[in-house]
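Taking it in order: structure first as structure tokens, then the write-up.
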Amino acid sequence: MRKPIPITVLTGYLGSGKTTLVNRLLADPQGLRIAVIVNDIGEINIDAALISEKGHASITDDSLVALTNGCICCTLRTDLITQIVRLAKADCFDYILIEASGICEPLPIAQSIAMLDGTMKDQGLPTLCRLDSVVTVVDAYRLLTEFSGGEALLYPDGEADIAQLLVEQIEFCDLVLLNKTDLLSQEETAKVEAIVKALQPSAQIRRTSFADVPSKDILNLRLFDFSKTFLSAGWAQTIEHEHDEEEAGHDHHEAEHHGHGENHHGHHHDHDGHQHLDEYGISTFVYYRRRPFDDSRLETWVNRFPTQVIRCKGLVWIDGEDDTSFLLEQAGKSVSVQPFSRWLAAASPKEREQAWQRDPLSRNNWDEQAGDRMTKLVFIGADMDEAAICASLDKCLA
């Protein structure tokens, strides 16, 4: 039986250098027969034309597939799966490169490929491919501009600040190509790399100019693991680290009380995580409170979001909304607060017990008064004043 065909997904915002990278890989294929799927949101697939012009892949011999008028992370997901199946079954290729459009989110693309990588055998789907890695090409100059007080960078149609998308592309990947470093000084490049590491501590990072990187450093890396990549973002790792510290502190506290023959009922107090600074002033900390926010005060605060913060994400408890948790998500100048899920405290006792049976550690997170209601926000930024940020948020508490 033929081995699953490996796939590398290339993401990155418009103009980051993805198409240049594809042409470099096709010019040095390491003996592999490579097919390319290129996604462009417009009616004319400019990137496909640029690849075809180089003569390394062609629509006429089926080695180049152009998917247009939509994104493969949403409207063209079915088309993407169809083309992967076709290329895998053709038995003409050893490898598939997918160049996503500049405004694609990588997570839905990985989910689509997962339908064909053997993880859904119970649904009768064949094992045709494996996702080798998700590579994000970052325009180092643009990233520095976006996160160092530069003017907002917008989608072509002006809908939203692109910082959110840039961050999501960095957070869900295995390898970051820090491209266009020739436009920056050594110190500026190092600062951008520090920002990337804060956003995505687990990914490999390579500095490059003109996407000049050997294909052996991109192809067949076997880096992708869905669960690990999904939880590899800096904010997620910070939450996990804080959770581990809380568990250790909880166990220590329980042991102390047990030694004195006392019964102890867990009660979580307000606290902040520790701020970890590097030499470029990039740091992270956690704001954690067991009290709700006043909605109007929080809205005012969000509209004046601290400019030093690059990334903030977490759950928020709003006064008067005791059934629903809210997700606060910020990247650069883009900020949103949206309903997320129901607090366990709003569930029936039976549902609560079932949830605790599924996740026994979550019981340690229960507060006698607040239940599981809380605000827990991870902040990642440059030269942040943690005390001032926390103090300003405390003024928003109900």
Original post:
Out of all the residues in segment 180-195, which are in a helix (DSSP H, G or I) and either under 12 Å from S232 (Cα atoms) or hydroxyl-bearing (S, T, Y) (or both)?
Top reply: T181, T189
**OP:** State the number of residues belonging to segment 304-319 that are open to solvent by 30 Å² or more (accessible area, probe 1.4 Å) and in contact (Cβ under 8 Å) with a residue 60 or more places away in the chain.
**Re:** 5
Subject >> Subset of segment 334-354 that is of a type in the set (S, T, N, Q) and either in a helix (DSSP H, G or I) or within 30 Å of the chain's Cα centre (by Cα) (or both) - its residue that is farthest from D367 (Cα to Cα) >> reply: S334
**OP:** Could you list all residues from segment 139-162 that are open to solvent by less than 10 Å² (accessible area, probe 1.4 Å) and either at pLDDT 80 or above or within 16 Å of the chain's Cα centre (by Cα) (or both)?
**Re:** A140, L143, I162
**OP:** Go through segment 90-101 and count every residue that is open to solvent by less than 40 Å² (accessible area, probe 1.4 Å) and part of a helix (DSSP H, G or I).
**Re:** 0
Original post:
If you scan segment 361-378, which residues turn out to be among the aliphatic types (A, V, I, L, M) and surrounded by 12 or more Cβ atoms within 10 Å (Cβ to Cβ)?
Top reply: A370, M374, L377, V378
Subject >> Residue match in segment 196-205 (condition: open to solvent by 10 Å² or more (accessible area, probe 1.4 Å) and more than 17 Å from A233 (Cα to Cα)) >> reply: no
**OP:** Take segment 355-396 and flag every residue that is closer than 30 Å to I195 by Cβ and more than 26 Å from the chain's Cα centre (by Cα).
**Re:** A387, A388, A391, S392, D394, K395, C396
Original post:
Is there any pair linking a residue in segment 289-301 that is over 12 Å from K376 (Cβ atoms) to one that is modelled with pLDDT under 95, with Cβ under 6 Å and at least six apart or on different chains, and which?
Top reply: P292/A398; D294/A398
Subject >> Test: H252 is at pLDDT below 85 and either charged (D, E, K, R) or open to solvent by 50 Å² or more (accessible area, probe 1.4 Å) (or both) >> reply: yes
Original post:
When segment 358-397 is examined, which residues are found to be in a loop (DSSP other than H, G, I, E, B) and either touching a Lys or Arg at 6+ places or on another chain (Cβ under 7 Å) or closer than 15 Å to Y288 by Cα (or both)?
Top reply: W366, A370, D372, R373, M374, K395, C396
**OP:** Please indicate, with yes or no, whether at least one residue in segment 341-360 is surrounded by fewer than 19 Cβ atoms within 10 Å (Cβ to Cβ) and under 29 Å from A163 (Cβ atoms).
**Re:** yes
Original post:
Do you know which of the residues in segment 124-133 that are part of a loop (DSSP other than H, G, I, E, B) and modelled with pLDDT of 75 or more is surrounded by the most Cβ atoms within 10 Å (Cβ to Cβ)?
Top reply: L128
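Residue-wise test of (1) assigned to a loop (DSSP other than H, G, I, E, B); (2) at pLDDT 85 or above.
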site	(1), (2)
L80	no, yes
A88	no, yes
A110	no, yes
G118	yes, no
D122	no, no
V135	no, yes
Q164	no, no
L178	no, yes
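The values are calculated or read from the model by the stated rules, or taken from the named source; none is laboratory data. Keep in mind that this is a model prediction, so the values were computed, not measured. Neighbour counts run over all protein chains shown; Cβ positions are idealised from the backbone, glycine included. What goes into the accessible areas is simple: the full protein's heavy atoms, side chains included, and nothing from ligands, DNA or RNA. Shrake-Rupley method; radii C 1.70, N 1.55, O 1.52, S 1.80 Å.
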